[in-house]
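Beneath this line is the structure, given in structure tokens, with notes to follow.
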Amino acid sequence: MKFENTAILTDLDGTLFNSQGIVSEEDRAAIADYIAQGGLFGVATGREPHNARLHLPELPMNAPSIVLNGAAVYDFQEERYLSTVLMDMEAALQVLAHCRQLQLPLDVQIYTTEGIFYATPLETADPGFLRIHQPTVYLPLEELTKKDWIKVVLLEREKDALRSMVAFLQSSGLDKRISLVEGTTDVVNIGKYQELLPANINKGTGIALVHQLPAYAQRRIFAVGDYWNDMELLQAAEIPCAPDNAISEVKAISRYILPSHNDSPMAWLIRQVIPGAED
């Protein structure tokens, strides 16, 4: 079939999602046609699987996908993790203790194999950030230490609230045990957050994991992303692509520049780029 030797792994926010946070009808139709003609389609996201699915109703995903910024591979068809990398909980707890001691104004989320949990009360959570990180519940940190941690997200509720945390991580040497990923979102006024991940984990290491799966055998991966946390993904994929709204550093390492996230980039990739790249 036409696309049987290819796979697409795409970032969500700022890439597959347009500025309204949805997938365009044109992209949906193109993805369905791509899969019908033998293509593998999946995502490479920092989101937790159930949260990603919540924002992708009825979108077909037939490829094992990279989730939690590379810390796990998830099969959306079978609804199960294929692999996970757990973080150094002791190191993460030292970081959280530092934040608590200084009473930093932060939303603290713990991502586990069971889903998303808030370690700070939901009553004090930023409404916009809380809304896009569902399903979630509050659990005291003492209860959360009984679970397997994959990722920690710290959202600042005041400007520069995370600066002290980053400095502590580096000065204490904990940055050798934890990877730090900066993120941004337009759903809150400040919009800055930091993710704590297992050491040396990113979306690029996720590519290495999916390459080992039988589903990806003999397929070239077209990876699409727009932001800093997509850099390793694009560098590890056979064919890196970026929407036109991507940051300049991401566009610089991409072989193909697609239309912006508001102009159905997946449809362009599937209908214009992949057929030519396969010739």
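The values are calculated or read from the model by the stated rules, or taken from the named source; none is laboratory data. Bear in mind that the values here come from a model prediction, so they are computed numbers and not experimental data. Positions of Cβ are generated from backbone atoms using ideal geometry, with glycine treated the same way; all protein chains shown enter the neighbour counts.
How many residues does segment 176-196 hold that are at pLDDT 95 or above and either assigned to a loop (DSSP other than H, G, I, E, B) or touching a helix residue (DSSP H, G or I) at 6+ places or on another chain (Cβ under 6 Å) (or both)? Qualifying residue count, segment 176-196: 3. Among the residues of segment 200-219, those that are of a type in the set (S, T, N, Q) and exposed (fewer than 14 other Cβ atoms within 10 Å of the Cβ) comprise ASN200, GLN212, GLN218. THR15 fulfils the conditions (1) in the same structural domain as LEU213 (by TED's automatic domain parsing); (2) surrounded by fewer than 20 Cβ atoms within 10 Å (Cβ to Cβ) except for a single criterion, (2).
For segment 1-52, a residue qualifies if it is part of a loop (DSSP other than H, G, I, E, B), under 15 Å from the mean Cα position of the chain (by Cα) and over 22 Å from SER260 (Cβ atoms), and exactly one does: GLU48. Counting only residues that are of a type outside the set (Lys, Arg), farther than 23 Å from GLN134 by Cβ and in a helix (DSSP H, G or I), segment 74-110 holds 10 of them.
Quick grid of which residues meet (1) over 30 Å from LYS159 (Cβ atoms); (2) among the hydroxyl-bearing types (Ser, Thr, Tyr); (3) crowded, with 16+ Cβ neighbours inside 10 Å:
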| position | (1), (2), (3) |
| --- | --- |
| GLY70 | no, no, yes |
| TYR74 | yes, yes, yes |
| GLU78 | yes, no, no |
| MET87 | no, no, yes |
| LEU96 | no, no, yes |
| ARG100 | no, no, no |
| LEU106 | no, no, yes |
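Here's a check for you: in segment 125-164, which residue that is touching a residue at least 24 places away in the same chain (Cβ under 8 Å) and assigned to a helix (DSSP H, G or I) is nearest to HIS98 (Cα to Cα)? Within segment 125-164, the match that is nearest to HIS98 (Cα to Cα) is SER164. Taking (1) in contact with a strand residue (DSSP E or B) (Cβ under 7 Å, 6 or more places away or on another chain); (2) crowded, with 16+ Cβ neighbours inside 10 Å; (3) modelled with pLDDT of 95 or more; (4) not acidic (Asp, Glu) in turn, ARG47 satisfies each apart from (3).
One line per residue, one yes/no per condition, for (1) crowded, with 24+ Cβ neighbours inside 10 Å; (2) free of Cβ contacts under 8 Å to residues at least 24 places away in the same chain; (3) under 19 Å from ASN202 (Cβ atoms); (4) of a type outside the set (Asp, Glu):
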position	(1), (2), (3), (4)
GLU232	no, no, yes, no
ALA246	yes, no, yes, yes
ILE257	no, yes, no, yes
VAL273	no, no, no, yes
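Take MET61 and decide whether it is aliphatic (A, V, I, L, M), outside the structural domain of ARG220 (by TED's automatic domain parsing) and in a loop (DSSP other than H, G, I, E, B). No: the conditions fail for MET61.
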